[in-house]
Amino acid sequence: MNYPSVAIVILNYNGRNYLQRFLPSVLASTYPNKRIYVADNASTDDSLQLLQINFSGVEKIILDKNYGFAEGYNQALKKVEADYFILLNSDVEVTTGWIEPIITLMQNDPAIAACQPKILSYHQKDQFEYAGASGGWIDYLGYPFARGRVFDYCEQDNGQYNNTTEVFWATGAAMFVRASVFKQLGGFDGSFFAHMEEIDLCWRMQLAGYKIMCCPASVVYHVGGGTLPKGNSRKVFLNFRNNLIMLCKNLCLTERLWKLPLRLLLDAAFAWKSLLSGDSASFFAVAKAHIAFLQWWFTFKKDIDLPKKHLKKISGVYSSSLVWAYFIRKKKRFSEIVKKNF
């Protein structure tokens, strides 16, 4: 069998403990034609010393500052040559045969630009993990969710989403990417820093005519929240700002005209609800995100090439409101919301 070259690239920032715990599982991967890299985002801990002493077979890419997830990968992958990139979080435990099913799938269909494995929780191995679960979807207003995870609710894995299928986005925690397409599209939007950049890239891939897949025959276990924990005001800011920028970049004009104002109103409702419940940090994070989005809008709006493909014509899109289904109709499970194609 001809094995295409695979580069597993782990972006690290002060993740010494994760590297020590999870790199052995990556090194035990059975795929033969692989190289393993740790791209270090100017860590201030002893990550590099650990690699030098305990993992000398792992190649190092040393970045001059902390570029964040998006631009950090852009910078690192300029230094890597392979047929496929696997972007892997440092807090992921992989299984021995996790690479082969996805590479086989992508080799058999050149239209697949990105693919993810099934993501389960490291701490509760029978439960889907927040960052991607069994393949990412999006609703018509741009709220992301996944097969097995809707907002903060993560389902137990009973094999209900074990089919290989097209999705809207593949998780950045364990993202297989066709290297030529990543470079063709300019990689991630570096201004995002972290959060939403993988969804933005997958959206752009689909606008360019490619497919995004989930292959649950491959399984990994993710700790999650290792860089910015849930509830962190910086995380709230990045999620809200980046989601609005992503919508502005990728929606066609007719959708943008009414969806962006509606999203701003829904964001404001979330902010006021947070404030009234005592979470002033989230309130100010959303307000700051809206200001940053408007600054981006007036600075970069002229540089946007308007997409001509309607969101509903892309795979993995829920054509109604996820907010309504989850909060009003009390539908928690993906299969209760999306009645087909799961």
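Does TRP203 meet the test of being out of contact with any strand residue (DSSP E or B) (no Cβ under 6 Å at 6 or more places or on another chain), closer than 21 Å to VAL317 by Cα and surrounded by 22 or more Cβ atoms within 10 Å (Cβ to Cβ)?
The answer is yes for TRP203.
Considering only the range 249-263, how many residues are buried (at least 16 other Cβ atoms within 10 Å of the Cβ) and assigned to a helix (DSSP H, G or I)?
Residues meeting the conditions: 7.
Scan the range 179-220 for residues that are more than 16 Å from the chain's Cα centre (by Cα), over 23 Å from GLU100 (Cα atoms) and of a type in the set (A, V, I, L, M, F, W, C) and report the count.
Of the residues in that region, 3 qualify.
Which condition from (1) loosely packed, with under 13 Cβ neighbours inside 10 Å; (2) modelled with pLDDT of 95 or more; (3) at negative phi is the one that LYS339 breaks?
(2)
Would you point out which residue out of SER90, SER29, SER43, SER56 is small (Gly, Ala, Ser), surrounded by fewer than 23 Cβ atoms within 10 Å (Cβ to Cβ) and in contact (Cβ under 8 Å) with a residue 40 or more places away in the chain?
SER29
Given the criterion aromatic (Phe, Trp, Tyr), surrounded by 14 or more Cβ atoms within 10 Å (Cβ to Cβ), touching a residue at least 60 places away in the same chain (Cβ under 8 Å) and within 16 Å of PHE176 (Cα to Cα), identify the matching residue among TYR73, TYR18, TYR37. So that I can check it myself, show each step before the final result.
Numbers: TYR18 fails: within 16 Å of PHE176 (Cα to Cα); TYR37 fails: touching a residue at least 60 places away in the same chain (Cβ under 8 Å).
Matching residue, one of TYR73, TYR18, TYR37: TYR73.
If we scan the range 215-233, do we find a residue that is in contact (Cβ under 8 Å) with a residue 40 or more places away in the chain, closer than 30 Å to LEU120 by Cβ and in a helix (DSSP H, G or I)?
Yes.
The values are calculated or read from the model by the stated rules, or taken from the named source; none is laboratory data. Predicted, not measured: the structure shown is a model, and the values here were computed from it. Backbone-built Cβ (ideal geometry, glycine too); neighbour counts: all protein chains shown.
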